[in-house]
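Remarks on the structure that follows.
The values are calculated or read from the model by the stated rules, or taken from the named source; none is laboratory data. What you see is a predicted model; the values in this text were computed from it and never measured. Virtual Cβ from ideal backbone geometry, glycine too; neighbours counted across all protein chains shown. In case anyone asks, the SASA skips ligands and DNA or RNA and just uses the protein heavy atoms, side chains included. Shrake-Rupley method; radii C 1.70, N 1.55, O 1.52, S 1.80 Å.
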Amino acid sequence: MSDISILGIESSCDETAAAVVRNGREVLSNVISSQIAIHTEYGGVVPEIASRKHLEKIDEVIKTALTEADCTFHDIDAIAVTYGPGLVGALLVGVAEAKALAWALNKPLIGVHHIEGHVSANYIENKDLEPPFACLIVSGGHTHLVVVKDYGEFEIVGRSRDDAAGEAFDKVARAVGLGYPGGPKIDQAAKSGDPKAIRFPRGEVAGSPYDFSFSGIKSAVLNYINSAHMKEEPINVPDLCASFQESVTDSLVSRSIRLCQERGFTKLAIAGGVASNSHIRARMEEECLKNHIRFYRPSPILCTDNAAMIGTAGYYEFIKGKRDGLDLNAKPNLKLGER
Ligand code: KG4
Ligand code: ZN
């Protein structure tokens, strides 16, 4: 079979990204233009600003991705683009761009599920990884424990009943004054803290051993902060961050390992922005080792939003025959497993 090169495009939140991926697993380029510096001023992503910035950057990002991959539009076999879930205005920029390119170049168009993209990031650096395997998806909007039955096919085993893991990181970071983006700041602050300093709840959901609940953990942290303020006691930020992170980590690790044990999986992957957390990665690796489970995790740059993962997911959809028409629309609330 001849080589297949996919141009991946991602614009669902605050990164404008484009990549060229060959045969699903070989990343020829992976260009990411981050808007973090702009949104930091506002303490979070401002959707209207995100869309405008995507518009300003997208042409340049695609051009750079082609140049770095040493190819032209004519070497591209198909265009894969994130069409949901995400911010509608942000998604629309990528979708409109991909549709225009597909029409002008007469190339196939493939709409990719953003979360399927995150899971697919695991294939890039692990050439041997193939479904089935267990996967924990932890991003800013999603917390799902799934079985990846085949490329792009998931059985959802557990999910968060309230906030996503990333959301909890972002809210706690804001509450202790670390600002946006919260996850990396808590990760950093926690390095000098004691994870046993404060005992926060582990977010159990009665009767649903695979489900998660992070709003209880978040509320416990907020209560702790409020009560310290009332008593005019200082807060040890590194200890608080380490203790919060430990509680989220316990919750994620225990359910993931339980799934592997109960269903006999010997391969566990993690995906999404929160999967770049150094403590979660270390603890997951430790527990996998103890339980004879092979642990897969993308490099941090492939955990957070990027287009290489969209190119990879797009490749597997392409060889399965998925094609979208020029009526492809952005779907901000697209569910996992939904098309
Ligand atoms: O997957 P992602 O880049 O975007 C979404 O699809 O949502 O995930 C973003 C989330 C944010 O909540 C961010 O705070 C979190 O991932 N995150 C982290 C770390 N890096 C990013 N959370 C914990 N530790 C990190 N090192
Ligand atoms: Zn994402």
Applying the selection to the range 124-145, what residues are touching a Pro at 6+ places or on another chain (Cβ under 9 Å) and more than 16 Å from ligand 1 (Cβ to nearest atom)?
Glu125, Asn126
I'm trying to understand the selection: among the residues of the range 104-123, which are within 16 Å of ligand 1 (Cβ to nearest atom) and out of contact with any Pro (no Cβ under 9 Å at 6 or more places or on another chain)?
Val112, Glu116, Gly117, Val119, Ser120
Can you report the number of residues in the range 33-52 which are within 17 Å of Thr304 (Cβ to Cβ) and either of a type in the set (A, V, I, L, M) or at pLDDT 95 or above (or both)?
6
Residue ID - farthest from Leu87 (Cα to Cα), chosen from residues in the range 160-172 that are aliphatic (A, V, I, L, M) and surrounded by 24 or more Cβ atoms within 10 Å (Cβ to Cβ)
Val172
Condition test on Cys241, is it within 20 Å of Pro131 (Cβ to Cβ) and in a helix (DSSP H, G or I)?
no
Based on this model, can you work out whether Pro131 counts as without any contact (Cβ under 8 Å) to a residue 40 or more places away in the chain and either buried (at least 24 other Cβ atoms within 10 Å of the Cβ) or not β-branched (Val, Ile, Thr) (or both)?
yes
Determine if the range 151-159 includes at least one residue that is modelled with pLDDT of 95 or more, touching a strand residue (DSSP E or B) at 6+ places or on another chain (Cβ under 7 Å) and surrounded by fewer than 18 Cβ atoms within 10 Å (Cβ to Cβ).
yes
Quick check on my filter: what residues within the range 288-307 are under 19 Å from the mean Cα position of the chain (by Cα) and either open to solvent by 40 Å² or more (accessible area, probe 1.4 Å) or away from ligand 2 (no atom under 14 Å from the Cβ) (or both)?
Phe295, Tyr296, Arg297, Ser299, Pro300, Ile301, Thr304
Being among the acidic types (Asp, Glu) and either in contact with a strand residue (DSSP E or B) (Cβ under 7 Å, 6 or more places away or on another chain) or within 16 Å of ligand 2 (Cβ to nearest atom) (or both) is the filter here; which residues of the range 235-287 pass it?
Glu285
Pick out, from the range 79-179, the helices (runs of 4 or more DSSP H) lying fully within it that include 1 or more residues that are assigned by TED's automatic domain parsing to the domain that holds Val61 and within 16 Å of ligand 2 (Cβ to nearest atom).
88-105, 114-125
Out of Gln188, Gln261, Gln245, I need the residue that is within 28 Å of Arg294 (Cα to Cα), within 16 Å of ligand 1 (Cβ to nearest atom) and surrounded by fewer than 18 Cβ atoms within 10 Å (Cβ to Cβ). Which one?
Gln188
The condition from (1) at pLDDT 95 or above; (2) farther than 25 Å from Ala271 by Cα that Ala168 misses is numbered (2)
Please enumerate the residues belonging to the range 203-222 that are assigned to a loop (DSSP other than H, G, I, E, B) and open to solvent by 40 Å² or more (accessible area, probe 1.4 Å).
Glu204, Ala206, Gly207, Pro209
